[in-house]
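Novice: Sharing a structure with you now.
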Amino acid sequence: MKQVMIFMLCMLFLTLTACSSNKSDEDAAAPIPVKISKPQLKDEFETISLSGSISSPEAPANVSFLVSGKVIEVGPREGDPVKKGRLLAALDPTDYQLPLEMAAAQANAAKVSFRRAEDELRRMKMLYESKSLAPNDYLKYKAAYDSSAQQYESARASEKRYRKQVSDTRLLAPITGFISKRSIEPGETAAPGRPAFEIVKLDNVEISVGVPETDIHLVRAGQRASVTLPALPGKTFVGSVRLVNISADPGTRTFLTRISVPNADHTLRIGMIAEVRIQGDKKVRALLLPIESIVRDPQGATMVYLYFPDQKKAYAKRVETGALYGKEIEIRKGLSADDLVVVAGQQRLREGSAVSATSAEDKGAGQ
């Protein structure tokens, strides 16, 4: 009896396993719903798509103190806007104020002596011209005047130098822009020439891209360029080609091209990655697919899935892509206008997957 029970339990287990296996096989074989469409032939302007990074068209302003001293005040931080003339930082001016006071006192004394010598020379000149003063005596007064004038000019120069040193303890913004770096804090000792701040302008930005030799004939200064950024999805900016280099980079064989983009609201920031489309002057016939149709194989190559109605299956096909046209991408090699391409649902597919295809243009009938 015990053996019969064991036999029946084994049979039940095998039956359940078989049913589960059959159900899994049926699920695996279930067609995957997809949408299909044919590539569209359209007349579009020649375009070239490139990637680059945003920079400032002007070199950043590195601001540093001209004198040394202890930092007692620091104003803006990274990202803060500043206007030309704004106080950025200040040093303790004590070490420069005492020499200034001494130089100012010496300058005042030298001024008094100079004015006295000037008045005396004026009187002696009148006497000399009226023949009431000997020439040698007049020359003595003239020499005293010249010496007094030199002393006064020297004292004034010394006062001016010390006054500038006191003024240099206050670091002012030389341009209007944004603080990109701050390298000084209160309590530190500043050294002459050591950068304390870096200021960049953002009213206009520039994108540097490398144009391949095969496409350089499509690019010239003044052309319109549309700019999109992964960091700012859904936004498009308009710029223009400012410069195309006359020589190629020997390593990459690309020509440096600079795109100027207005940035009045300062949305674009230094270092952002940008995608640039430069539009040519001539129209070409292009084979286009929706961008989402493109997938990548394990090696990173671009491909699409083609639908074969007689087999009701989809197979991968490598393609060479070209320029972007809005939400569509150019297919340069690998497809014809009669191919049926999976444009939705392709992310679930594998080579030879069974599919249930519906036309992307007609959501109703199956193919």
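The values are calculated or read from the model by the stated rules, or taken from the named source; none is laboratory data. Treat the numbers as computed from the prediction; the structure is a model and nothing was measured. Every residue, glycine among them, receives a Cβ derived from its backbone with ideal geometry; neighbour counts consider all protein chains shown.
Novice: Right, ASP281: of a type in the set (D, E, K, R) and either outside any strand (DSSP E or B) or over 26 Å from GLY239 (Cβ atoms) (or both) or not?
Specialist: The answer is no for ASP281.
Novice: Quick one: is SER293 touching a strand residue (DSSP E or B) at 6+ places or on another chain (Cβ under 9 Å) and surrounded by fewer than 13 Cβ atoms within 10 Å (Cβ to Cβ)?
Specialist: The answer is no for SER293.
Novice: Return the pair list, or none, for Cβ contacts closer than 6 Å from residues in region 138-166 that are closer than 24 Å to LYS125 by Cβ to residues that are polar (S, T, N, Q), at least 6 apart or on different chains.
Specialist: Filtered contacts from region 138-166: SER148/SER113.
Novice: So which residues in region 228-239 are loosely packed, with under 15 Cβ neighbours inside 10 Å and touching a residue at least 12 places away in the same chain (Cβ under 8 Å)?
Specialist: Answer for region 228-239, where residues must be loosely packed, with under 15 Cβ neighbours inside 10 Å and touching a residue at least 12 places away in the same chain (Cβ under 8 Å): PRO230, ALA231, LYS235, VAL238.
Novice: Ok, one more. Given the criteria loosely packed, with under 13 Cβ neighbours inside 10 Å and either on the phi < 0 side of the Ramachandran plot or under 43 Å from the mean Cα position of the chain (by Cα) (or both), does LYS83 qualify?
Specialist: The answer is yes for LYS83.
Novice: Just to be sure, is SER113 part of a helix (DSSP H, G or I), at pLDDT 90 or above and buried (at least 19 other Cβ atoms within 10 Å of the Cβ)? Show your work before the answer.
Specialist: Numbers: part of a helix (DSSP H, G or I): yes; at pLDDT 90 or above: yes; buried (at least 19 other Cβ atoms within 10 Å of the Cβ): no.
Taking the combined requirement at face value, the residue does not satisfy it.
Novice: Does ALA323 meet the test of being at pLDDT below 90 and under 38 Å from the mean Cα position of the chain (by Cα)? Step through it out loud before you land on a result.
Specialist: Values: at pLDDT below 90: yes; under 38 Å from the mean Cα position of the chain (by Cα): yes.
Yes.
Novice: Moving on. Say whether the condition of being touching a residue at least 60 places away in the same chain (Cβ under 8 Å), closer than 19 Å to LEU171 by Cα and either in contact with a His (Cβ under 8 Å, 6 or more places away or on another chain) or not hydroxyl-bearing (Ser, Thr, Tyr) (or both) is met by at least one residue in region 51-61.
Specialist: Yes, the conditions are met somewhere in region 51-61.
Novice: Could you give every pair whose Cβ atoms fall below 6 Å, whose first residue belongs to region 268-289 and is closer than 16 Å to ASP215 by Cα, and whose second residue is in a loop (DSSP other than H, G, I, E, B), counting only separations of at least 6 or pairs across chains?
Specialist: ILE278/VAL219; ILE278/GLN223
Novice: Separate question: Quickly run through region 172-212 and pick out the residues that are more than 15 Å from the chain's Cα centre (by Cα), assigned to a loop (DSSP other than H, G, I, E, B) and surrounded by 18 or more Cβ atoms within 10 Å (Cβ to Cβ).
Specialist: Those that are more than 15 Å from the chain's Cα centre (by Cα), assigned to a loop (DSSP other than H, G, I, E, B) and surrounded by 18 or more Cβ atoms within 10 Å (Cβ to Cβ): ALA173, ILE184.
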